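Let me begin by presenting the structure, written as structure tokens, before commenting on it.
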Amino acid sequence: MHGVLSPEIYSAPNGGVSVRIANDFRKSVIFVGEQQGGSFVPKGTAFLLAGKKYGGQCNYILTAYHVAKAVDDLGYSLRLNMRPSGSNMIEAPKFDWSFDKDADLAVAIYDAPSGSDIFYLPDSMLFRDDKIKSKRVEGGTPAYVAGLFNRFAGTDRNLPVVHTGHIALLPEDEEIPLKDERSGLDAKCRCFLVQIQTLPGCSGSPVFIRRPVKTFPLPKPYEDTGMFPESYGAPFLLGIWHGSWKDEPDGVVKNALNVSEGSVVPTSFGIVIPAQRIVNLLESAEMASKREKYAAKQERKTAPTADLLPHGKSGAQIDAEMKQILKTMLFTPPSLHKKKKRSRKKK
């Protein structure tokens, strides 16, 4: 399913309007995991994006670099929801990934199987760096992570949840370290710091925001005070969830959770790779080349085979002849035929 997301509008208690995150956000999410004893155990998250504005029309799967490496190196599977129920397990898929290792980002061209109960987020939602000021986004702006909750992920279908919080810090000149031991990721990047509590497995999830807007006309009681109430408008894709900021637990947490020495636990802060890095990767020469190859491959699939073509003509030749026939039919005036009078023979 493709389309443009329309935020759900409803009346706010103060008489203004507010916006809820559309359910289609959750349908863009795919779980990544492994088979254990005949059961699917989710380990990470990916999501779907419909490209049009940046680099050309194409469908993509996006996730974190360290999650994509697990798909390649460990043979992880994808699980997609199907209509009207159930799910489809795609075991050890082979993707032609494009990586931005400095930003823990992976993108590949991907068309979901027919019948999938999914949604491709439009790339017009990508929140470029230049929108930060124009859309009045700052610390405290509500943010949402749609992804895996590993304690209740769904048995027969994916059940992505929406984690809620807010932007704690906009990207600054100082870069934030990005690390993952298994994949060897060790990078630094200008990122958003978001205060949202998640559990392991959310890496690769899409992160959304809603831009603040003023409401007009002013509802009571603001009309007599001159105050401007705020609501929230169009949703944007802020970026990709790299992961929770982990640290050693303090004594109280260590004792309460019975955490062993040397272990780290998630804090209530997470790191979000900016959507600008997605835009940069989609518009890269590498992705442009892959789109050209993909388009050529799709064209070959739909082209008629030589043994089906009459008189040994190519598909292009037949298309040209058909166009000429249609042109002749459309623009040639009908000829007027005069009926010939039949001569009657005298008996």
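The values are calculated or read from the model by the stated rules, or taken from the named source; none is laboratory data. Just so it is clear, the structure is predicted and the values come from calculations on it, not from any experiment. Here the Cβ positions follow ideal geometry from the backbone for every residue, glycine too, while neighbour counts run over all protein chains shown.
Every test in (1) touching a Lys or Arg at 6+ places or on another chain (Cβ under 9 Å); (2) free of Cβ contacts under 8 Å to residues at least 24 places away in the same chain is passed by PRO93 save one, and that test is (1). Of all residues in the stretch 263-317, those satisfying the criterion of being of a type in the set (A, V, I, L, M), surrounded by fewer than 17 Cβ atoms within 10 Å (Cβ to Cβ), within 30 Å of CYS189 (Cβ to Cβ) and at pLDDT 60 or above are ALA285, ALA288. Taking first residues from the stretch 37-57 that are surrounded by fewer than 24 Cβ atoms within 10 Å (Cβ to Cβ) and at pLDDT 90 or above and partners that are in a loop (DSSP other than H, G, I, E, B) and of a type in the set (Asp, Glu), the Cβ contacts under 7 Å between residues at least 6 apart in sequence or on separate chains come to TYR54/GLU283. Would a scan of the stretch 139-148 turn up a residue that is among the small types (Gly, Ala, Ser), closer than 26 Å to GLY33 by Cβ and modelled with pLDDT of 95 or more? The answer is no; no qualifying residue exists.
Here PHE40 fits the description: out of contact with any Phe, Trp or Tyr (no Cβ under 7 Å at 6 or more places or on another chain) and in the same structural domain as PRO177 (by TED's automatic domain parsing).
Restricting the stretch 132-158 to residues that are in contact with a strand residue (DSSP E or B) (Cβ under 9 Å, 6 or more places away or on another chain), among the hydrophobic types (A, V, I, L, M, F, W, C) and not in a strand (DSSP E or B), the residue that is surrounded by the fewest Cβ atoms within 10 Å (Cβ to Cβ) is PHE152.
Assessment of the stretch 171-180 against the conditions (under 21 Å from the mean Cα position of the chain (by Cα) and of a type outside the set (Ser, Thr, Tyr)) yields no matching residue. Put simply, of PRO177, PRO212 the only residue that is assigned to a strand (DSSP E or B) and free of Cβ contacts under 8 Å to residues at least 40 places away in the same chain is PRO177. Looking only at the stretch 30-59, filter to residues that are in a strand (DSSP E or B) and touching an Asp or Glu at 6+ places or on another chain (Cβ under 7 Å); which one of those is farthest from LEU121 (Cα to Cα)? Within the stretch 30-59, the match that is farthest from LEU121 (Cα to Cα) is VAL41. Residues in the stretch 132-155 that are among the charged types (D, E, K, R) and closer than 23 Å to VAL29 by Cβ: ARG151 only.
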